[in-house]
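The values are calculated or read from the model by the stated rules, or taken from the named source; none is laboratory data. Keep in mind that what you see is a predicted model, and the values were worked out from it rather than measured. Cβ sites come from the backbone with ideal geometry, for glycine too, and all protein chains shown count toward neighbours.
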Amino acid sequence: MDILVKIKKAGLVGRGGASFPVADKWKAVKKAKGAKKYVVCNASEGEPGVAKDSYILENFPEKVIGGIKIAIDFLKAKKAYIYINHNYHKKFSKNLIKIIDKAPIEFFIKPIESGYIGGEESSMLNAIEGKRIEPRLRPPFPQTSGLWGCPTLINNVETFYNVSLVALNQYKKERFYTISGDCLWTGVFLFPDNWTIEKILKETKNYPRFPFFVQVGGEASGEVLGSRQLRQPVSGAGSITVYSMMKHKPENLIKSWLDFFLNESCGKCTPCREGVYRLREMMDLPNPDWQLFSELLTNLEEIAFCGLGIVVPVPIKSYLNNVLVKMPASKINLRKLDKKTICECFR
Ligand code: SF4
């Protein structure tokens, strides 16, 4: 059976975070016109709290390279790049080179200074082409105009691993989950892709006995869910971070998310460059204007240029709506402002 048919039948979705159907992406690159085609494996894994690609590269490198080789054959691609972060290159490249053998696959080490945005797919293309590392305007999408304007297939490490399994008829609708935070058994686990957050925490003996909430899909951009919202599958890059209610002060958590985004913003667009800066600044004021705070978040959601800016409101708004509104006012103390004022602004 043709690999595309097999991938479609398996219902494979991308595991970089966006869950885009893999067959649709492969088909689009196959159909796109171009004298040359490229394949890129994104092994940059920059989201805090997500470590599954590292685990896969360490334990199943032959499956990852196998998936890339299948993509090269299918697309008759000129070359594939493994866009890899510095640490993973140091740890895994020796072994990967042996498996690559004579296949047209090269490493491109993600520049350290590019930060989180260096893992965004269009910034990644700019980095490989030697251009300034910032997101590109889309469309056109990489499927039709990627590396040097040629059709380019970009998939994540776990996706190529899954393609290998599909080709070998070994795919079992499973995915890797990274568990971190205030729990005993942190690490990377393999379970069916439809398991709920609750089931995964129980199965790994990580279900807390203390009041808690979780963040799924990354410790920076992931959505925050209360302990009564766990009967749903894990979204995004497949991570669960557990937070003890006793340990984390709302103010510090919001500051830590904003610090991350402030540090990682590439500065290309105003809503993110200025907006995140102002949001972080407001967190240090004795009486933040929560209405303005909420409007700056909405601005980011609606007009930021790329995914990094768009996701800034996700952890903050979901934390406020799913956790903070249900907490006793005495536990909040967000610069001593009353809970009612804050929550009304975020409606
Ligand atoms: S939202 Fe704008 S400033 Fe922020 S990372 Fe994206 S392009 Fe850069």
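If you go through the range 147-185 and keep only what is part of a loop (DSSP other than H, G, I, E, B) and more than 24 Å from Lys63 (Cβ to Cβ), you end up with Cys150, Pro151, Asp182, Cys183, Leu184, Trp185.
Please determine, by comparing only the residues of the range 130-158 that are under 25 Å from Glu264 (Cα atoms) and among the β-branched types (Val, Ile, Thr), which one is farthest from the chain's Cα centre (by Cα).
Ile133
Look at the range 186-202 and say how many of its residues are polar (S, T, N, Q) and either within 27 Å of Phe260 (Cα to Cα) or not in a strand (DSSP E or B) (or both). Outline the logic, then answer.
So the first thing to find is which residues in the range 186-202 are polar (S, T, N, Q), and the list is 186, 194, 196.
From the residues that got through so far, the ones that are either within 27 Å of Phe260 (Cα to Cα) or not in a strand (DSSP E or B) (or both) too are 186, 194.
Qualifying residue count for the region: 2.
When the range 246-273 is limited to residues that are in a loop (DSSP other than H, G, I, E, B) and within 25 Å of Pro286 (Cβ to Cβ), the one that is modelled with the lowest pLDDT turns out to be Lys249.
Please work out if Asn155 is surrounded by fewer than 17 Cβ atoms within 10 Å (Cβ to Cβ), assigned by TED's automatic domain parsing to the domain that holds Ala43, of a type in the set (S, T, N, Q) and in contact (Cβ under 8 Å) with a residue 12 or more places away in the chain. Walk me through it before giving the result.
Working: surrounded by fewer than 17 Cβ atoms within 10 Å (Cβ to Cβ): no; assigned by TED's automatic domain parsing to the domain that holds Ala43: yes; of a type in the set (S, T, N, Q): yes; in contact (Cβ under 8 Å) with a residue 12 or more places away in the chain: yes.
In short, no.
For the range 2-22, taking the residues that are in contact (Cβ under 8 Å) with a residue 60 or more places away in the chain and among the basic types (Lys, Arg), the one that is surrounded by the fewest Cβ atoms within 10 Å (Cβ to Cβ) is identified as Lys6. Any residue at all in the range 126-142 that's at pLDDT below 95, among the small types (Gly, Ala, Ser) and either out of contact with any strand residue (DSSP E or B) (no Cβ under 8 Å at 6 or more places or on another chain) or within 16 Å of the ligand (Cβ to nearest atom) (or both)? Within the range 126-142, not a single residue is at pLDDT below 95, among the small types (Gly, Ala, Ser) and either out of contact with any strand residue (DSSP E or B) (no Cβ under 8 Å at 6 or more places or on another chain) or within 16 Å of the ligand (Cβ to nearest atom) (or both).
Of all the numbered requirements in (1) at pLDDT below 95; (2) surrounded by fewer than 17 Cβ atoms within 10 Å (Cβ to Cβ); (3) away from the ligand (no atom under 13 Å from the Cβ), Leu320 misses one, and that requirement is (2).
Condition test on Ile65, is it assigned to a helix (DSSP H, G or I), outside the structural domain of Gly222 (by TED's automatic domain parsing) and under 27 Å from Pro233 (Cβ atoms)? If you could, list the steps in order and put the result at the bottom.
On the way: assigned to a helix (DSSP H, G or I): yes; outside the structural domain of Gly222 (by TED's automatic domain parsing): yes; under 27 Å from Pro233 (Cβ atoms): no.
Here the answer is no, as Ile65 does not meet what is asked.
Exactly one residue out of Val13, Val39 is closer than 23 Å to Ile100 by Cβ and in contact with a strand residue (DSSP E or B) (Cβ under 6 Å, 6 or more places away or on another chain): that is Val39.
Mind checking which residues of the range 88-121 are in contact (Cβ under 8 Å) with a residue 24 or more places away in the chain, within 20 Å of the chain's Cα centre (by Cα) and either within 16 Å of the ligand (Cβ to nearest atom) or not in a helix (DSSP H, G or I) (or both)?
As a first pass, look at the range 88-121 and keep what is in contact (Cβ under 8 Å) with a residue 24 or more places away in the chain: 88, 91-92, 95-96, 99-100, 103-110, 112, 115-121.
Okay, now just the ones that are also within 20 Å of the chain's Cα centre (by Cα), so 88, 108-110, 112, 115-121.
Hits for the range 88-121 are Phe108, Ile109, Lys110, Gly115, Tyr116, Ile117, Gly118, Gly119, Glu120, Glu121.
Scanning the range 203-244 for residues that are outside any loop (DSSP other than H, G, I, E, B) and crowded, with 23+ Cβ neighbours inside 10 Å yields Phe213, Val214, Gln215, Val216, Val224, Ser239, Ile240, Thr241. Six or more apart or on different chains, Cβ atoms under 8 Å: show the pairs whose first residue is in the range 197-214 and under 20 Å from Pro233 (Cβ atoms) and whose second is charged (D, E, K, R) and at pLDDT 95 or above. Qualifying pairs under 8 Å: Ile197/Arg231; Glu198/Arg231; Tyr207/Glu198; Pro208/Asp182; Phe212/Asp182.
Tally the residues that are within 14 Å of the ligand (Cβ to nearest atom) and buried (at least 17 other Cβ atoms within 10 Å of the Cβ), restricting the search to the range 274-305. Break it down stepwise before answering.
Going residue by residue through the range 274-305, those that are within 14 Å of the ligand (Cβ to nearest atom) are 274-280, 296-297, 299-305.
Of the ones still in play, those that are also buried (at least 17 other Cβ atoms within 10 Å of the Cβ) are 275-276, 279-280, 296-297, 299-300, 304-305.
Here the count works out to 10.
Here Cys269 meets the list (1) more than 9 Å from the ligand (Cβ to nearest atom); (2) buried (at least 17 other Cβ atoms within 10 Å of the Cβ) almost entirely, failing just condition (1).
Restricting the search to the range 51-62, which residues are over 19 Å from the mean Cα position of the chain (by Cα), in contact (Cβ under 8 Å) with a residue 24 or more places away in the chain and either under 24 Å from Ser180 (Cβ atoms) or outside any helix (DSSP H, G or I) (or both)?
Kept after step one, since they are over 19 Å from the mean Cα position of the chain (by Cα), are these residues of the range 51-62: 58-62.
Filter again for in contact (Cβ under 8 Å) with a residue 24 or more places away in the chain, leaving 58, 60-62.
If the condition is that a residue be over 19 Å from the mean Cα position of the chain (by Cα), in contact (Cβ under 8 Å) with a residue 24 or more places away in the chain and either under 24 Å from Ser180 (Cβ atoms) or outside any helix (DSSP H, G or I) (or both), then Glu58, Phe60, Pro61 are the ones that fit.
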